[in-house]
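Everything on this sheet refers to the single structure shown next.
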Amino acid sequence: MVQEHVKKGTTTVGIVCKDGIILAADKRATLGGQIIANKNVDKVVQISDNMAFTTAGGVSDIQLLTKLIKAELTLKKIRTNQEPTVKEAANLLGTIIYDNIRKFSLIPGVTAFLLGGKDDSGFYLYELSPDGSVMEAKDYAADGSGMMMAWGVLETLYTKDVTIKEGIELAVKTINASMQRDAASGEGIDVFTITKDGVKHVLTKKVDYRIYL
């Protein structure tokens, strides 16, 4: 099956804090969820000075859509002489996803993103599903093969007044829970923050599974 040779499998998390947004993801890519294809994947990607997203799905489609949205946001800024809002970026990416998955192909273009960012009106987090739908998350969101475990942790520990510092700790706990039970998630974690100072990569932690004598 073609699907068995597509790199996929992940856990991604977005958390809305009172002073910003947290985006986090594990670092493992698998072939059909059975073979570990890459142990050092960057699944959180900065797409502008004040926006970033997490990625889940087929790697080739993710790479293509990432290039497209970065280019479109740059063009929009040049044409309007204004920074695109987070909502505009989310709707634009949703349109690209919608078009991508509906093109006939032997390899389905399945992708999903959690887009976080800030603009003049505040901080925002959006879920972008493989069908191209766009939904704003008011508190948190999770995606990928490990999202069921992630949701359990978020439902239990999330509070409306969570700070960025507390959100980082919550993101680590959430991804760690998924790595314990989801075979397609693992190797480590990346955490990004989006605050008044923009996008910042605040944590990379690798897990060493080797045994030493």
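The values are calculated or read from the model by the stated rules, or taken from the named source; none is laboratory data. In this text, all values refer to a predicted model and were calculated from it rather than measured experimentally. Heads up, the Cβs are rebuilt from the backbone with ideal geometry, glycines too, and the neighbour counts pull from every protein chain shown.
Quick look at the numbers
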| read-out | value |
| --- | --- |
| Residue among 131, 161 that is farther than 10 Å from residue 13 by Cβ and free of Cβ contacts under 8 Å to residues at least 60 places away in the same chain | 131 |
| Hits in the range 39-54 (condition: touching a Leu at 6+ places or on another chain (Cβ under 8 Å) and more than 27 Å from residue 208 (Cα to Cα)) | 47, 48, 51, 52 |
| Residue match in the range 170-184 (condition: crowded, with 20+ Cβ neighbours inside 10 Å, among the charged types (D, E, K, R) and touching a residue at least 12 places away in the same chain (Cβ under 8 Å)) | yes |
| Residue within the range 33-40 that is closer than 18 Å to residue 191 by Cβ and of a type outside the set (D, E, K, R) present | yes |
| Residue within the range 53-75 that is β-branched (Val, Ile, Thr), without any contact (Cβ under 8 Å) to a residue 40 or more places away in the chain and more than 26 Å from residue 195 (Cβ to Cβ) present | no |
| Residue ID - modelled with the highest pLDDT, chosen from residues in the range 80-122 that are more than 19 Å from the chain's Cα centre (by Cα) and of a type in the set (A, V, I, L, M, F, W, C) | 104 |
| Residue 74 surrounded by fewer than 16 Cβ atoms within 10 Å (Cβ to Cβ) and among the hydroxyl-bearing types (Ser, Thr, Tyr) | yes |
| All positions within the range 88-125 that are among the charged types (D, E, K, R), touching a residue at least 60 places away in the same chain (Cβ under 8 Å) and surrounded by fewer than 19 Cβ atoms within 10 Å (Cβ to Cβ) | 119 |
| For residue 114: the one exception among (1) hydrophobic (A, V, I, L, M, F, W, C); (2) out of contact with any strand residue (DSSP E or B) (no Cβ under 8 Å at 6 or more places or on another chain); (3) closer than 16 Å to residue 52 by Cβ | (2) |
| Within the range 1-25, considering residues that are part of a loop (DSSP other than H, G, I, E, B) and crowded, with 21+ Cβ neighbours inside 10 Å, the one modelled with the highest pLDDT | 11 |
| Tally, over the range 30-58, of residues that are closer than 28 Å to residue 124 by Cβ and buried (at least 17 other Cβ atoms within 10 Å of the Cβ) | 16 |
| Restricting the range 185-213 to residues that are among the hydroxyl-bearing types (Ser, Thr, Tyr) and in contact with a helix residue (DSSP H, G or I) (Cβ under 7 Å, 6 or more places away or on another chain), the residue that is surrounded by the most Cβ atoms within 10 Å (Cβ to Cβ) | 185 |
| Residue tally, condition closer than 11 Å to residue 16 by Cα and out of contact with any helix residue (DSSP H, G or I) (no Cβ under 9 Å at 6 or more places or on another chain), over the range 130-165 | 6 |
